[in-house]
């Protein structure tokens, strides 16, 4: 491996570990009841967010869903603004108007996150259309889950993107469940690629817990989009470790088994890359510990900032209904 | 000395001209919709634009209203100025998720950092057996949601200026056009001008009764006001062209002068524009009312297709004449002649086609 490649791979590890530790801290502090908004944690799914965003440029735009923390952070969204939003503070990215499901950061190219399943999909088309209209070679990326493929708007979006050969990537992060209902109870046995085939869109993908494979698949789709060859459906299978909404583990409530959870935990995306790097002698325990400590310092500072930040002025509650 | 040329256009022609003016001035304006680039060109309102601006700016759409509305919102977020056109309000119902959850909220949720300069034109059908799902006038459904602007043009000069204003606005603006308003004619200035989207306007000043109307009912109200004048009733006619942002001030002030209010709109009577205005007047000027306010709109059932069932469905100029005359205590002897003339005129044509009496020029 060349030095640059080693640095890139280490940065993938650092980015995934950072998201993991940030969300672990959210989970740990959630019971304090000071983050008074729903949280949808991405624990276990970090490789998709990090691998996809590693293949993007700063001027590429992403849109996300209710489960948006990892996408926001992986694309470079500001941590303090994210946490301040969850604490309902004026310094939050939405000034306390959105909560955890509406994260955005213009400087990082995180255009918006939307809590309604499938809602961000057509927005990505419009962003991609604007790239063409303005003669830019940037791409537009929509993150969404398996549930969104059941929405009519998913099909409307793929149809539109295909007709107009949009520079768009549709990143299907399949975590096998919509809330507490498994994929098999919601969809027939057929590959997601059949949905893309129906709209004449190619499908690519990888093991969603292998961050390097995710990055490579995404890079192929990005190259197609920038070359004017149109959209791609990217399918990444992964697994949500914690409950649909909230900080807890919920393997005891009866919709999935502990055995299934453990089999996915064994495929932890962070540990998997760390193991690979250790085997190649590219990192050791001391190196990992140093990364953890640096991230821990950043997290501690960001939480302190968010908790100390002032609440928005109640007098401003009616502002910005109109531009 | 030369006199300025007077141009009489239909509202449909005025809307087409407004779109042309906006597209010529700003390359970020583009048109999306089912039928915008077809030979019928949305009742002529997009005629010639495809030839002039090409298919990248006059974009025919797949039959996917929510999908292309979301695309328009995404493009608007990136600084483009999309104009969506639906041939019927009823079709736009498939896009409510995007309009209500995203277009209406993005400015607010982003704390003013993002804006959605989007215009959605949608057309209310009427007549020729359109039936229950091709004739709904659902403006109050949209007006209920903060963050959207809702405009209902009635006359040609205003329609052009309102649509240009909408296309220059940084907010999502829904322009709800009654199909029969498209036929109305009026003098239209050339070039760019705007009619601000900031509230109602007094179209005809009067002293005895305030008639507030929206959309096509304004045309019926203006014709009714002529007949009422012959009967000695001076009606003040107000065009409630902008329903959201909602500005009742002018109506309340008018009722303080006339003491009488009737509201005639194109939507359902219950929970309608009339209900909201009557409530505002009652809250702010109850003492000025010399009679209970009246509101006219559609009854509590869907629009039937057969003309045999439509007899009492739509209020018209006669409804307005009778109600206003009753409110103002008009002399029955003076009312008879103009009322009978209007009744005879209306009887000349079946009720399910637009009547030339209400084509202006206004």
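The values are calculated or read from the model by the stated rules, or taken from the named source; none is laboratory data. Note that this is a predicted model, so its numbers are computed, not measured. Every residue, glycine among them, receives a Cβ derived from its backbone with ideal geometry; neighbour counts consider all protein chains shown.
Before moving on, here are some points about what is shown:
- Yes/no for residue B:274 being under 16 Å from the mean Cα position of the chain (by Cα), touching a residue at least 12 places away in the same chain (Cβ under 8 Å) and over 23 Å from residue B:359 (Cα atoms): yes
- The residues on offer are B:45, B:69, and the sole one that is surrounded by 21 or more Cβ atoms within 10 Å (Cβ to Cβ), in contact with a strand residue (DSSP E or B) (Cβ under 8 Å, 6 or more places away or on another chain) and within 13 Å of chain A (Cβ to nearest Cβ) is B:69.
- Taking the criterion of being within 8 Å of another protein chain (Cβ to nearest Cβ) and on the phi < 0 side of the Ramachandran plot, the residues of segment B:72-81 that qualify are B:72, B:73, B:74, B:75, B:76, B:77, B:78, B:80.
- Of all residues in segment A:76-116, those being facing chain B (nearest Cβ under 10 Å), surrounded by fewer than 21 Cβ atoms within 10 Å (Cβ to Cβ) and touching a helix residue (DSSP H, G or I) at 6+ places or on another chain (Cβ under 6 Å) number 2.
- Of the residues in segment B:101-120, at least one is away from chain A (no Cβ under 13 Å) and touching a strand residue (DSSP E or B) at 6+ places or on another chain (Cβ under 6 Å).
- If you go through segment B:169-198 and keep only what is within 14 Å of another protein chain (Cβ to nearest Cβ), out of contact with any helix residue (DSSP H, G or I) (no Cβ under 6 Å at 6 or more places or on another chain) and either at pLDDT below 95 or not in a loop (DSSP other than H, G, I, E, B) (or both), you end up with just B:198.
- Residue check for residue A:56: in contact with a helix residue (DSSP H, G or I) (Cβ under 6 Å, 6 or more places away or on another chain) and modelled with pLDDT of 95 or more: no
- Check on residue A:128, crowded, with 24+ Cβ neighbours inside 10 Å, within 10 Å of chain B (Cβ to nearest Cβ), at pLDDT 95 or above and more than 17 Å from residue B:114 (Cβ to Cβ): yes
- Meeting the requirement of 3 or more residues that are more than 30 Å from residue A:190 (Cβ to Cβ), the helices (runs of 4 or more DSSP H) wholly within segment A:66-172 are A:69-74, A:79-86, A:120-133.
- Number of the condition not met by residue A:215 [criteria: (1) at pLDDT below 95; (2) buried (at least 18 other Cβ atoms within 10 Å of the Cβ)]: (1)
- Among the numbered conditions (1) more than 9 Å from chain A (Cβ to nearest Cβ); (2) touching a helix residue (DSSP H, G or I) at 6+ places or on another chain (Cβ under 6 Å); (3) not in a loop (DSSP other than H, G, I, E, B), the only one that residue B:90 does not meet is (2).
- Only one of B:264, B:281 that is crowded, with 22+ Cβ neighbours inside 10 Å, farther than 29 Å from residue B:357 by Cα and touching a helix residue (DSSP H, G or I) at 6+ places or on another chain (Cβ under 7 Å): B:281
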